[in-house]
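Undergrad: Dropping the structure in here first, questions after.
Any read-out appearing in this document is the output of simple, stated calculations on the displayed coordinates, not a laboratory observation. Not measured: the values here are computed from a predicted model. Positions of Cβ are generated from backbone atoms using ideal geometry, with glycine treated the same way; all protein chains shown enter the neighbour counts.
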Amino acid sequence: MDRITVFLLILLLAILASHLIKRNIARYALPPGPPGFPIIGNALQMPLEKEWRVLADWAMKYGEIMHLSVLGQHIIVLSSADVITELLEKRSANYSDRPRFPMAGEMIGYSDYISITPYGTYHREGRKLMMNALAARKTTGISDLQESQALQLCRRLLDTPADFRSHIRWFVCSTAFEFIYGIHVDRFDDPIIQSVETVAEDFSRTVKPGAFFMDTFPFLKYVPDWFPGARFKTIAKECRERLVFARDTPYDSVNMRIKEGVATPCFAANLIENYPNPSPEEDHMHRCTATSFYISGADTTASAIGTFFLMMTLHQDVQRKAQAELDSVLEPGTLPKFNDRSKLPYIDAVIQEIHRCGTVVPLALPHRTTQEDMYEGYRIPAGATVIANSWYYSLHSGLQERSSNSRAVLHDPLLYPEPETFSPERYLSKAAVQHQNPDPRAFAFGYGRRTCPGRLLADDSMFITVATVLASFNITEAIGMDGVPIKPDANYLGGALSHPAPFECRITPRSPEVARLITTASATRDVIG
């Protein structure tokens, strides 16, 4: 038998084996899920808001891996840490793509940004640029910047505590802009900051599944602008213009300062200097990568800090324990530094519990399978949209709305006993060592190869903010006009990204000495800056 015959025989056997494997896989059932209707599937049952609650209730009936369909599109919902780890982490090569985002990705242009760009060379190169910048964060002055900005945040809280929400946004925005573009921002109402803030809000609103009818029927993007119901095209045009402005304005400013020889070190300046003659494709990627730093991190960090203020208002006992730990570590007349972190385990536990109870992305941004897969006897089709339900629920007003058996990762009673209780102690107990109460940050920043590249920077910002504010202030319930304390509800709002609903609290310096320390230290930093 000659070599050609042998080769053809082997090829024939390989094709036959592949066919048999595919046929056997097809025999396996899809994961269970709520029954739908012919053609449209579960389209009419898909929740339009607080999807994580509905999906968590369904998971109790159908299991930790669940199948839905919308107009023939397979959707796989994962609702336990085990299945998420197995599929999105251990099999990440098959689960790292993103599904189509017809409105946000294609019409507006967010598909060129790290969060939802398809998995491939473009994504890997952009992510590598971000990771390299963050790997050097301890040696490039980023920690000093964060400490300085946290001090300035305290100065603003001291002067106008009622504006704490705006001060939080200023802190996050100003820190990000100095790191990314070397631009010092004094006011939250700075026009460029407001433009980028609007872009972050646009992203949260438009990337939410089902937010626009054309996400279900992508062919609608071809209808003329005057067509009835084509308002989404105007929205897309406006969002895209804002995105281009926010992408190019600060980047071009850095470029100009480099040419004038007055640029300060920053992420964008490093890109421009390291790639002096970029191709149009490289230049576009660099601009989008710089903007991605802001879009993917600013809103999430601000939301987490907002949850911190909310939880301290509601849980005075936790606040006192955290302050006692700080008092035992810090020298009189000093404020926290990053090198104090290893000595503040309770502060770190508070941060972990904030991430668990106030999950910024309750449904992690969806993944997409590139090949068919099997799990526990169930078939996961190629091209399926895969959603991990990280989920939170209201610790107070929402308890009556939720099934007592509802589960999702960060509120699974098997992982976090008494999940409705805000308890930093859970991470310091023996249970934390015995595979209960795992660090929620493993679930709060995405999964696998789509984990948020800026998570370390965000975590550093959370630490220095929580530690500095608690060392300086008491956060208590606001007092109403009738003299009665106002107890805030732990309600959350938002689209793909959630944030605490507006609430009031009272922020006062812990002592006159602390107030003087903040005033003096912040004035010194102003002079140095």
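Undergrad: Quick check on the exposure proxy: order GLU51, GLU353 from fewest to most C-beta atoms within 10 angstrom.
TA: GLU51, GLU353
Undergrad: Related question: Any idea what the dipole of the chain comes to, in debye rounded to 20, about its Cα centre with Lys/Arg Cβ at +1 and Asp/Glu Cβ at -1?
TA: Rounded to the nearest 20 debye, it is 1100 debye.
Undergrad: Using the Karplus curve 6.51 cos²θ - 1.76 cosθ + 1.60 with θ = phi - 60°, what ³J(HN,Hα) values do you get for each residue of the range 242-248, in whole Hz, with x for Gly and Pro?
TA: 5, 5, 5, 4, 5, 6, 8
Undergrad: Placing +1 on the Cβ of each Lys and Arg and -1 on the Cβ of each Asp and Glu in the chain, which of ALA382, PHE212, THR421 has its Cα farthest towards the positive end of the resulting dipole?
TA: The listed residue farthest towards the positive side: ALA382.
Undergrad: Could you work out how far helix 121-135 tilts from the main Cα principal axis of the chain, as a 0 to 90 degree angle to the nearest 10?
TA: 30 degrees
Undergrad: Also, quick follow-up: Give me Rg/Rg_expected for the range 65-141, where Rg uses Cα atoms only and Rg_expected = 2.2 N^0.38 Å with N residues.
TA: Compactness ratio reported: 1.40.
Undergrad: Please give, to one decimal in nm, the separation of the simple spin-label points placed at GLU281 and ALA29, each 7 Å out from Cα toward the Cβ.
TA: Spacing of the two 7 Å Cα→Cβ label points: 4.7 nm.
Undergrad: Given contacts defined as C-alpha pairs under 8 Å and at least six residues apart, what's the relative contact order of the chain, whole-number percent?
TA: Averaging sequence separation for qualifying contacts and normalising by length gives 23 percent for the chain.
Undergrad: In addition: For the range 148-274, count the residues as N, evaluate 2.2 N^0.38 Å, and divide the Cα radius of gyration by that value, please.
TA: 1.36
Undergrad: Another one. Distance from a point 7 Å along Cα→Cβ of ARG124 to each backbone N in the range 75-100: keep the residues under 16 Å and list them by number.
TA: 92-98
Undergrad: Continuing with this model, one more query. Testing the spin-label approximation: label points 7 Å from Cα along Cα→Cβ at ALA523 and LEU456. State their distance in nm.
TA: 3.8 nm
Undergrad: Let me ask something else. Going by C-beta contacts inside 10 Å, put GLU178, GLU331 in order with the fewest on the left.
TA: Listed from fewest to most nearby Cβ atoms, that is GLU331, GLU178.
Undergrad: Using Cα atoms only, what is the angle between the long axis of helix 3-27 and the major principal axis of the chain, expressed in degrees (0 to 90) to the nearest 10?
TA: 60 degrees
Undergrad: Please sort 119-128, 284-293, 188-197 by packing, taking for each peptide the average over its residues of neighbouring beta carbons within 10 angstrom, highest first.
TA: Most protected by this proxy first, the peptides run 284-293, 188-197, 119-128.
Undergrad: While we're looking at this one, here's another question. In nm, to one decimal, how far is the ALA324 label point from the SER342 one, both placed 7 Å along Cα→Cβ?
TA: 2.5 nm
Undergrad: Could you pull out the pairs from LYS128/LYS259; LYS50/LYS233; LYS237/LYS259; LYS208/LYS321; LYS208/LYS233 whose alpha carbons sit more than 28 Å apart here?
TA: Table pairs above 28 Å Cα-Cα are LYS237/LYS259; LYS208/LYS321.
Undergrad: Answer with a single label: of (1) 24.7, 82; (2) 24.1, 73; (3) 25.0, 99, which was calculated as Rg and Dmax of the Cα atoms in Å from the structure in view?
TA: From the options (1) 24.7, 82; (2) 24.1, 73; (3) 25.0, 99, the structure gives (3).
Undergrad: How far, in degrees from 0 to 90, does helix 512-528 lean away from the longest principal axis of the Cα atoms of the chain, to the nearest 10?
TA: Helix 512-528 and the main axis of the chain meet at about 70 degrees.
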